[in-house]
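I have placed the structure first, in the form of structure tokens, so that the comments after it can refer back to it.
The values are calculated or read from the model by the stated rules, or taken from the named source; none is laboratory data. What you see is a predicted model, and the numbers here were worked out from it, not measured in a lab. Here Cβ is always computed from backbone atoms with ideal geometry, including for glycine, and neighbour counts include all displayed protein chains.
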Amino acid sequence: MMLPALVVALLGTWFGHANPIAHMPGVVLLLPGMLFWLGLREPTPATAFRSGFFCAAAAYSASLYWVFIPVHVHGGLHWLLALPCPILLGMYLGLYGGAFSALIRWAHPVHSPLLLGLGAGLLWGGVELAQGTLFTGFSWLTLPAALAPWPVAIQGLAVVGEYGLSAILVTAVAWLVLARESKGFMTRGLALGLTLFLVLISLGALQLNRPLPEGTPLRVTLVQGNVDQTVKWESTYQEATVRAYLDLTTRELGFEPELVVWPETAMPFYLQEDSALARQVRDFVRSTQHLALLTGAPRYAVDLSTGAIQYFNSAFLLGPNGETVGIYDKEHLVPFGEYVPLGGMLPFIRRLAHSEGDFTPGNDPAPLRWEHLALGMLICYEAIFSGLSQERVRAGANLLVNISNDAWFGRSSAPRQHMYQAVLRSVEQGRFLVRSTNTGVTAIIDPRGRRLEAGGLFQRLTLSYPDVRLLEETTFFHRNAGAICILLPTAIGLFLGATWWMRRRVAHSQKSAN
């Protein structure tokens, strides 16, 4: 029973998410479909957990194969030790899949198909919420992220958010599976499941046909420098890096951009210092007299009382006079990339990122402001977390900006998987999102999740767009995110509580009958 489910779940997840062969977003729903089916068919919750775990772990491990690249190529870990890393991460995510199957098996005997389908949706939404929250969170390979290439399928994000949309999708899938497994529910299950999908797509089509909100137009240029990760931090290469970004930006000056965005750590030196390289950048901005420049660069701060030095992964906003008008320090750091969890206990593990020490997380979600701009910053990994973009817009951001350096991932699926997460943030918050990366995928995303992309991976290029709108209007999800985040766990708790009570009542009735 498990082997066919494993194969279907693995293929559905692999082809449902971005991969090097062919991307077919809709088939990602085969994963929750198979895990739900196992929950119906396995004899006990324990066997359901085991089968669900193996299916989900294999599916996630295959889709996260690219984890090997940064660990081995840039982290210097021997390939024999790096090879298990995507498998271990997949096994961790597989625990959530196993828990989902086990809970379905536990709930199945006491619920009607209608309620069981609703419960399955709630549980899947809760599983993705837990995955994105526990142990600093890893909100990757979610169902809406797989569907991001189909804007019509993800407009529900503006109403219920990422985890709410996952719950709705899995409810529809569960009803369709129950229509096949329960003869008495066949007609209703098909009708309910297909109707729910049809409603989602129809509402999505209506939303896509609506005009975008009015807002101040902004002329934006994004620069993709394609700087070799293996040499960018070498002092002898820093001059060439600065020159590459200045030359690419100069080509676009005829476009008269108001905002130019360079990627995460585009400047591999301390821009805060009065060095020759920093002066080149500031003098260039000053010479244009009309644009603001946003660039990533490392930063340090010294505690004068103790002499302790803190290092930050930062974004600098330079005004037309070349002076720094705002700095954002990355808030959600990448484990093992920007700091080592339990580093004192694991001294043999080295970070992938280059700096003098572990980075310190920032704690200020306020947008970077200049004139009419209020830039909500998401550096690299931060784009996968719904709550961070929520904080930026709540603090007044009228444009989301994601700067990233995906060179770590090589020519793998990761840069595109990462970009699709950014698409979700744009739709959830009803904001344009501009995304500048070192090696791709650089993109401009509108509030409906439609993308204007620049070239492919590992190309040196620019992307200019004249009508990026600075918006103030907020989505239903943004206005009610707190209530939705409380409602989902509460509904799961009620479902599980009702299941426990009904199982106990059934057990008591059986005991009395005997």
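Quick notes on this one:
- Search result, residues across the stretch 1-49 that are aromatic (Phe, Trp, Tyr) and within 15 Å of residue 64 (Cα to Cα): 14, 15
- Residue 160 assigned to a helix (DSSP H, G or I), surrounded by fewer than 21 Cβ atoms within 10 Å (Cβ to Cβ) and touching a residue at least 24 places away in the same chain (Cβ under 8 Å): no
- Complete set of residues in the stretch 206-216 that are surrounded by 13 or more Cβ atoms within 10 Å (Cβ to Cβ) and not in a loop (DSSP other than H, G, I, E, B): 207, 208, 216
- Residue satisfying all of: in the stretch 286-342; part of a loop (DSSP other than H, G, I, E, B) and of a type in the set (Asp, Glu); surrounded by the most Cβ atoms within 10 Å (Cβ to Cβ) among these: 338
- Taking the stretch 57-89 as the range and being under 18 Å from residue 31 (Cβ atoms) and surrounded by fewer than 22 Cβ atoms within 10 Å (Cβ to Cβ) as the test, the residues that pass are 58, 62, 65, 86, 87, 89.
- Screening the candidates 265, 241, 230 for the property of being crowded, with 21+ Cβ neighbours inside 10 Å, among the hydroxyl-bearing types (Ser, Thr, Tyr) and not in a helix (DSSP H, G or I) yields one hit, 265.
- Scanning the stretch 244-294 for residues that are acidic (Asp, Glu) and in contact with a Gly (Cβ under 7 Å, 6 or more places away or on another chain) yields 264, 283.
- All positions within the stretch 200-246 that are within 25 Å of residue 69 (Cα to Cα) and among the polar types (S, T, N, Q): 224, 226, 229, 230, 235, 238, 241
- Entry remark, the stretch 43-78: residues being under 30 Å from residue 107 (Cβ atoms) and in a helix (DSSP H, G or I) number 19 in total.
- Residue within the stretch 424-431 that is outside the structural domain of residue 69 (by TED's automatic domain parsing) and either surrounded by fewer than 21 Cβ atoms within 10 Å (Cβ to Cβ) or at pLDDT below 95 (or both) present: no
- Condition met for residue 195 (in a helix (DSSP H, G or I), at negative phi, out of contact with any Phe, Trp or Tyr (no Cβ under 6 Å at 6 or more places or on another chain) and not assigned by TED's automatic domain parsing to the domain that holds residue 39): no
- Residue, nearest to the chain's Cα centre (by Cα), within the stretch 123-141, restricted to residues that are buried (at least 22 other Cβ atoms within 10 Å of the Cβ) and either touching a residue at least 40 places away in the same chain (Cβ under 8 Å) or over 19 Å from residue 162 (Cα atoms) (or both): 141
- Residue within the stretch 263-279 that is among the β-branched types (Val, Ile, Thr) and over 27 Å from residue 154 (Cβ atoms) present: yes
- When the stretch 99-126 is filtered for residues that are closer than 19 Å to residue 196 by Cβ and among the aliphatic types (A, V, I, L, M), the ones remaining, listed by number, are 104, 114, 115, 116, 118, 120, 122, 123.
- Within the option set 440, 449, being modelled with pLDDT under 95 and in contact with a Pro (Cβ under 9 Å, 6 or more places away or on another chain) holds for one residue only, 440.
- First in the stretch 475-489 and modelled with pLDDT of 95 or more and in a helix (DSSP H, G or I), second anywhere and polar (S, T, N, Q) and surrounded by 13 or more Cβ atoms within 10 Å (Cβ to Cβ), Cβ under 6 Å, 6 or more apart: 478/429; 481/390
A quick yes/no check of all residues on (1) without any contact (Cβ under 8 Å) to a residue 60 or more places away in the chain; (2) surrounded by 14 or more Cβ atoms within 10 Å (Cβ to Cβ); (3) over 26 Å from the mean Cα position of the chain (by Cα):
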{"residue": "188", "(1), (2), (3)": "no, yes, yes"}
{"residue": "191", "(1), (2), (3)": "yes, no, yes"}
{"residue": "196", "(1), (2), (3)": "yes, yes, no"}
{"residue": "200", "(1), (2), (3)": "yes, yes, no"}
{"residue": "218", "(1), (2), (3)": "no, yes, no"}
{"residue": "226", "(1), (2), (3)": "no, yes, no"}
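- Whenever a residue of the stretch 265-288 is at positive phi, its partners that are among the aromatic types (Phe, Trp, Tyr) and part of a loop (DSSP other than H, G, I, E, B), lying with C-beta atoms within less than 9 angstrom and at least six residues away or across chains, give the pairs 265/233.
- Filtering the stretch 129-185 to residues that are among the β-branched types (Val, Ile, Thr) and at positive phi leaves only 136.
- Residue list for the stretch 119-165, filter: of a type in the set (S, T, N, Q) and more than 23 Å from residue 66 (Cα to Cα): 155
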